[in-house]
Structure formats: structure tokens, C-alpha cells
Number of protein chains: 2
Amino acid sequence: MVVSWLDQLKWNEEGLLPVIAQDVVSGRILMQAWINREALLAAQNENRAVYWSRSRSELWRKGEESGHVQKLNGIYLDCDADSLIYEVEQIGGIACHTGRISCFYRKLENNAWQEIDSIIKEPKEIYK
Amino acid sequence: MVVSWLDQLKWNEEGLLPVIAQDVVSGRILMQAWINREALLAAQNENRAVYWSRSRSELWRKGEESGHVQKLNGIYLDCDADSLIYEVEQIGGIACHTGRISCFYRKLENNAWQEIDSIIKEPKEIYK
């Protein structure tokens, strides 16, 4: 299927591109993952963040198991057409599988990765 | 050289990882690029965003030519240890080589990429 706006993207040799999920309210970067054509089309059609799971080699509809769906507000593309942003509303306020608001919960301080976000909900309570 | 916090990162088969530059003031995502160990160490040591240019195969000290240096405020790591954020102060208010505030200046609207940011400074005025 030829889809003009999809074909303008510079997919890598694996047919993937990195995508950044950003919270539309707080501006917080929630996670970084990967998409292929199918994932991006699904995201557009279903109005939710859909990724390509490289480890499972399948579409990954964020929140399918946890309920922590990311409602899609906008899709942005960079100047090189090889990186995107999903602007999202994070349902449940938890993006990370560790139960934290964001996957980027570690900050480099004194030459060590320090945890700066606390766990909102234990993973065993999220994935039952 | 063994550097513990560097060795905790899951470098890909090319020894690279994606990094997102985010404006510390506005929260705006400015660009997405790549780093290797050398670039990340240089960023930490020099307190500015340093990337690895995949096209030129060399260290890329952002702003070296344009003056649009990104002062480094913080470095963040995600749960999988394979994606990072440079939290930066964007000198000159222009991150993109097209002369725009951010590289993510296109938004998907009506099945087309629409430009949402205007050019602050013409590239020929930036790169003389």
C-alpha cells in the first residue's frame, strides 16, 4: 500500500524508526521505543500509541495488558525524517513497566545512575 | 577504560544509543541523535551536548559551527538502559539546522506533514 506521508519517512535497514512518547500535559518524556510502518498506521487509525516490539517481533499496543494506554494527541516528525514524537495523554499516569511515571527515572549524579522517581504502583499490581 | 556508569548502558551492535535533547525551560523536544561512549563521556566532561555523527563518523559537538551550543543540565537514562535524555539549555534558541527552534517542526495533519514552526534565522545566516 502506498501511503505518501509514510513513504516520506527514512525507515532504517530494518524498516524501523525511533519514536519518543511525550506527555502532552506535563511535557515529560515518558519513553522511547520503535515503530515500523504497520505500527505507525495503527497508531494513526486507533488514536493510541502503537509500537513495534523488537524483542517479541510484534505490534505492541501500549497499555493492552496494564491498562496504561497512551491516547494519541499528535504525531511529529523531525527534519531528517528519521525520528518521531508521539504526543500522548498517559492513562493512569504510569508509562513505565516498573510502575513509574516515566521510563527515564534515572539521572546521572556523582558518576552513578540515581533513581529520581518513585514507584507509583508495584508491577505485580499492574501485571496480574 | 572501565567507567562503571558507562558500562551499565546497553550499547547496540554499533556501540551507539539514541539520545533525546530536551529544552530544560520549555520542555520542548529539540532533536534526537546518537551517542557512543566517547560522545557521552565528552558531554559529561565538557558540560555540553556531544553526539556521534553517523554520517561523518566523528564526534559532533553541537553548536561548534553555528554557535547554537546546548549547555548540559542533566543526563537521564531509561529503564532498559538503552535510551538517554540530554536536558539542555539551547543557546540562541535554535536547535535545528533549518533555523527553527526544534527539529520536530512537522506535525501529521490531514495525512500530510505540516510545518508548525517558522524559521527564526535563515541557514545561510547561521552557517557562513
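What follows draws every value from the coordinates through simple rules; no lab data is involved. This one's a predicted model, so the numbers in the text were calculated from it and none came from an experiment. Here the Cβ positions follow ideal geometry from the backbone for every residue, glycine too, while neighbour counts run over all protein chains shown.
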For region B:50-93, alpha-carbon Rg and Dmax in angstrom: 12.1, 34
Helix-only mean residue ellipticity at 222 nm for chain B, each DSSP H run of n ≥ 4 adding -39500 (n - 2.57), per residue, nearest 500: -3000 deg cm²/dmol
Loop-only trypsin sites (Lys or Arg not before Pro) in region B:1-58, please: DSSP not H, G, I, E or B, and at most 14 other Cβ atoms within 10 Å. B:LYS10, B:ARG54, B:ARG56
Quick check on the exposure proxy: order A:VAL69, B:VAL50 from fewest to most C-beta atoms within 10 angstrom. A:VAL69, B:VAL50
Report the FRET efficiency, 1/(1 + (r/R0)^6), for B:LEU6 and B:ASN73, where r is their Cβ-Cβ distance and R0 is 25 Å, rounded to 0.05. 0.80
For region A:59-128 and region A:1-50, write down the distance between their C-alpha centroids in whole Å. 15
What fraction of the Cα pairs in region A:4-126, stated in percent, has a spacing above 19 angstrom? 49
A:GLU14 to B:SER53: FRET efficiency via 1/(1 + (r/R0)^6), r the Cβ-Cβ distance, R0 25 Å, to the nearest 0.05? 0.75
Over 32 Å between C-alpha atoms is what I'm after, so list which of B:LYS10/B:LYS62; A:LYS107/B:LYS128; B:LYS71/B:LYS128; A:LYS121/B:LYS62 land there. A:LYS107/B:LYS128; A:LYS121/B:LYS62
Would you be so kind as to identify which of B:SER4, B:TRP60, B:ALA112 lies farthest towards the positive end of the dipole of region B:4-126, taking Lys and Arg as +1 and Asp and Glu as -1 on Cβ and the Cα centre as origin? B:ALA112
With +1 on the Cβ of every Lys and Arg and -1 on the Cβ of every Asp and Glu, the dipole magnitude of chain A about its Cα centre, in debye rounded to the nearest 20, is 380
In Å, the Kirkwood estimate of hydrodynamic radius for region B:1-62 over Cα pairs equals 12.3
Please give me, ordered by residue number, the chymotrypsin sites (Phe, Trp or Tyr not before Pro) of region A:99-128 that lie in loop per DSSP and have at most 11 other Cβ atoms within 10 Å. A:TYR127
Could you tell me the relative contact order of chain A? Use alpha-carbon pairs under 8 Å, at least six residues apart, and round to a whole percent. 21
Label position 7 Å from Cα toward Cβ: report the copy-to-copy distances for B:GLU89 in nm, one decimal, ordered from shortest. 3.6
Are there any GluC sites (Glu not before Pro) in region B:24-120 that are in a DSSP loop and have at most 14 other Cβ atoms within 10 Å? List them by number. B:GLU64, B:GLU65
For the protein assembly as shown, average projected area of the Cα convex hull in nm²: 14.2
Degrees separating the helix B:37-46 axis from the principal Cα axis of chain B, which is the longest one: 70
Using a label point 7 angstrom from Cα along Cα-to-C-beta, what distances in nm, from shortest up, separate A:SER55 from the other copies? 3.4
